[in-house]
Each structure stands twice: as structure tokens, then as C-alpha cells.
Amino acid sequence: MRILVLCGGMMAAFLSSKTALAAPKAAAALDQARIEQLTGAKGKLDEKAGVFKVSSPRADLKVISSGVHITPPMGLTSWAAFTRAGNHTAVMGDIVLTEDQVNPVMSAALDGGLEVTALHNHFFWDNPKIMFMHIGGMGDEEKLATGVGAVFAKIKETAGGKGVVPKADIDPAKSTLDPKKLDAVFVGHGAPGEYKDGVYKVVVGRGAKMGGHQMGKAMGVNTWAALAGSDDQAVIDGDFAMQEPELQAVLKSLRKSGINIVAIHQHMTGEQPRVLFLHYWGIGKASDLAGAIVAALKETKHDNAP
């Protein structure tokens with residue numbers, strides 16, 4: 001009986017190791033041809049990692065950084081990697097964009113069911129300025145691939161300077177904003193704001209701890225909005241502090257209101273709970289811009305921590 005038990009244990013261990021060794025090949029279950037069709041990009045299978053990665057080099061861009069010609073192999077390639085775990089697929093990618101493409105492509109990603117997880121630069125002194133948008137998602141393989149395809153399609157649609165570049169002739173020194181009207185919009189969300197040097201500003205605190213210390217509004221853990229111009233045409237810029245589960249809802253809300261996202265990143269390390277920050281910018285009617293920020297604030301649980 002002891003021999004039988006030992007053999008049974010050895011057989012179970014053997015089968016377990018075979019399963020573990022076979023696990024990375026789960027990508028074979030991915031419909032690679034369908035992913036290529038839906039994304040419009042060619043892919044390559046990494047059998048060891050169990051990942052099928054499609055890539056779209058930005059060969060259309062002529063980027064110079066400090067006199068250096070940056071080519072697609074040096075980091076100017078958009079990509080999305082797919083892997084399968086159980087009954088669902090996961091995707092993660094990095095998208096190469098000019099500044100005017102960022103927000104149209106971000107909207108395409110969000111509308112396509114993907115998550116946008118970061119937005120930042122990878123170079124200094126590059127011309128044209130290149131931004132990198134990180135995307136992700138889990139769920140149905142077909143829907144994820146369709147979402148990535150919408151992103152790649154929007155890149156092609158907006159390439160060559162066809163993206164939107166909002167402009168306005170606004171000088172804070174000449175602002176004629178009515179702060180009381182803005183206070184009425186921001187009531188319960190930082191109002192009354194401070195109106196100084198032609199700029200109206202509200203700040204809403206967010207609590208977090210880092211290294212045992214309480215971090216709040218005064219320490220920079222906050223959402224703020226600054227407006228300048230007139231009631232009819234104003235510019236708004238600011239920063240949003242969010243917990244990770246709130247990021248996608250805030251992005252969707254701001255983009256729905258026509259607010260441009262400038263960056264998504266962290267300002268701290270080791271904080272609890274984890275706080276992400278996004279920077280935004282927009283032009284429009286002052287009350288509409290303020291309303292857009294209030295709508296996005298409602299997607300968060302700001303506590304106005306001091």
C-alpha cells in the first residue's frame with residue numbers, strides 16, 4: 001500500500017508539473033488570426049510566456065530628440081499584448097501618440113471598453129512632442145481586440161496633425177470672471193474659491209498616509225481647478241487625486257465633457273490607500289468647465305482632508 005501511495009503521489013506531482021509546464025502555452029487558445037484581423041496589426045506569439053503581441057510601428061513620425069533621429073525600434077512602436085487565463089483574456093499595451101492625438105485616441109480606448117492606466121512622456125526635447133498612453137483590460141477576447149483595433153484606427157485617422165488642438169486668446173491679467181458664479185457651481189466641492197491675479201482656484205483635499213504621516217490637502221494630496229478668462233471663454237487646468245478604482249470613471253466623465261487629459265501618474269510611493277493623479281486642461285464657457293470638474297468629482301470620495 002505504501003508503494004501505491006508513493007506512486008500515486010509521484011504521479012500527481014508529475015501531472016502537476018506537466019500542467020505547470022503546459023500553462024504558458026495557454027496562448028495557443030487565443031485566436032491569433034482573429035486578433036490580427038480585429039486589431040489591424042500583425043502579431044507574434046511568445047510561446048514560453050504565453051503571450052500574443054501585436055505591434056504597430058509609428059513609421060509615419062519623424063521625431064528628433066536633441067539631434068537624434070528616433071526610430072520605431074527605439075521606442076516609437078505601439079503594441080498590445082494578449083494572454084489567456086482560464087475563461088478570460090487580459091490585454092496590456094503602450095500607445096505612441098502625438099499631443100493632438102492623445103485625447104481622441106483615449107476616448108476611443110475608453111469607448112472601446114479598455115482601461116487607460118497611465119499617460120506620460122518617454123523622451124526629453126523631442127520634436128514633435130510624443131506622449132505614451134498605457135492601456136489594459138480583462139474580459140472577452142473579441143471585445144478587447146476590437147477595442148485595441150479602435151485605438152489603432154483612431155491613430156491612423158488623426159495622424160499627420162489631424163488631431164484637435166484647442167486654442168484661445170486668454171491672459172489672466174485681463175480676466176473678467178465672476179467668482180460668485182463659479183462658487184455657485186463648486187458649492188460643496190471646494191467653494192468658495194480664491195480669486196486672485198485673474199485666476200479663480202478651488203482645492204479639494206484627499207486623505208492618505210505615507211510612512212505613518214497623514215497626507216492631505218496641504219501636503220499636495222488634492223484635486224484642484226484653476227480658471228482664467230471670461231464667463232464666455234475661459235481656460236481651466238488642474239489636477240485630480242483619485243484612488244485606483246476611481247480612475248476610469250473620472251477619465252470617462254472628463255472626456256465626455258470635452259476636458260483634455262494631459263498626464264496620468266503617481267506623486268507618491270508607499271502611500272495608503274494608493275492615490276493616482278491626472279492633470280487636465282480645457283477651453284470653453286467658464287460654468288461648463290467648472291461643471292465638468294464637479295461631475296468628475298462626484299465619481300470620487302473626496303473627504304477634503306486638511
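The values are calculated or read from the model by the stated rules, or taken from the named source; none is laboratory data. Keep in mind that what you see is a predicted model, and the values were worked out from it rather than measured. Note that each Cβ is placed from the backbone with ideal geometry, even for glycine, and that neighbours are counted across all protein chains shown. To get the accessible areas, we keep the full protein, side chains included, count just its heavy atoms, and leave off ligands, DNA and RNA. Shrake-Rupley method; radii C 1.70, N 1.55, O 1.52, S 1.80 Å.
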* Asked: Using modelled amide H (1.01 Å from N, peptide plane; none on Pro or chain starts), what sits under 5 Å from the amide H of Ala41, excluding residues fewer than 5 places away?
  -> none
* **Mean separation of Cα contacts under 8 Å (6+ apart) over length of region 189-288, as relative contact order %** => 27
* Would you pull out the residues with amide H under 5 Å of Asp178's amide H, same chain only if 5 or more places away, H placed 1.01 Å from N? => Asp231
* To do: Specify the angular offset, from 0 to 90 degrees and rounded to the nearest 10, of the alpha carbon long axis of helix 2-22 from the longest principal axis of the alpha carbons in the chain.
  => 50
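Of the listed peptides 147-154, 135-142, 66-73, what is their order by residue-averaged count of other C-beta atoms within 10 Å, with the highest listed first?
Numbers: 147-154: 22.4, 135-142: 17.2, 66-73: 12.0.
Ranked by mean Cβ neighbours within 10 Å, highest first: 147-154, 135-142, 66-73.
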* Asked: Can you list the HN-Hα couplings for region 259-274, worked out from phi with the Karplus curve (6.51, -1.76, 1.60; θ = phi - 60°), rounded to whole Hz and with x for Gly and Pro?
  -> 7, 7, 8, 9, 7, 9, 6, 10, 10, 9, 10, x, 6, 10, x, 5
* Structure fact -> Surrounding charge for Val63, neighbours by C-beta under 12 angstrom, Lys/Arg +1, Asp/Glu -1, total +1
* Asked: Once the Cα gyration tensor of region 58-162 is found, what semi-axes does its equivalent ellipsoid get, as square roots of 5 times the eigenvalues, in whole Å, sorted largest first?
  -> 26, 14, 11
* **Solvent-accessible area per residue for the chain (1.4 angstrom probe, square angstrom)** => 53
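In the structure displayed, which of Lys154/Lys252; Lys48/Lys143; Lys62/Lys167 lie more than 20 Å apart, Cα to Cα?
Cα-Cα > 20 Å for Lys48/Lys143; Lys62/Lys167; rest within.
Tally Lys/Arg at +1 and Asp/Glu at -1 over every other residue whose Cβ is under 10 Å from the Cβ of Ala249; what's the total?
0
Can you send over the carbon and sulfur percentage of the accessible area for region 61-105, probe radius 1.4 Å, protein chains only?
Numbers: 1160 of 1880 Å².
Carbon plus sulfur share of accessible area: 62 percent.
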* Once the Cα gyration tensor of region 197-304 is found, what semi-axes does its equivalent ellipsoid get, as square roots of 5 times the eigenvalues, in whole Å, sorted largest first? -> 25, 15, 10
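Run the helix sum for the chain: -39,500 (n - 2.57) per DSSP H stretch of 4+ residues, divided by residue count, reported at 222 nm to the nearest 500 deg cm²/dmol.
Here the helix-only value at 222 nm equals -9000 deg cm²/dmol.
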* To do: Determine which lysines satisfy two conditions relative to Lys181: a Cα distance under 19 Å, and not lying fewer than 8 residues away in the same chain.
  => Lys196, Lys201, Lys285
* Asked: Tell me, what % of the accessible area of region 149-206 is carbon and sulfur with a 1.4 angstrom probe?
  -> 53
* Structure fact -> Percent relative contact order for the chain, counting Cα pairs under 8 Å at least six residues apart, stands at 14
* Asked: If you place +1 on the Cβ of every Lys and Arg and -1 on the Cβ of every Asp and Glu, how big does the dipole about the Cα centre of region 207-306 come out, in debye to the nearest 20?
  -> 220
* Structure fact -> Heavy-atom accessible area of region 255-306 with neighbours in place, 1.4 angstrom probe: carbon+sulfur share in percent works out to 49
* To do: For region 130-279, list log₁₀ I(q)/I(0) at each q in 0.13, 0.18 Å⁻¹, using the Debye formula over Cα point scatterers of equal strength and ignoring solvent, two decimals each.
  => -0.79, -1.19
* Structure fact -> Within the under-15-Å Cβ sphere about Pro273, not counting Pro273, Lys/Arg +1 and Asp/Glu -1 give a net charge of 0
* To do: Excluding residues on the same chain fewer than 8 positions from Lys44, give the aspartates and glutamates whose Cα lies under 15 Å from its Cα.
  => Asp31, Glu36
* Structure fact -> Here P(r) for the chain, Cα-Cα distances in 10 Å bins, as whole percents, is 6, 22, 26, 23, 13, 6, 3, 1, 0, 0
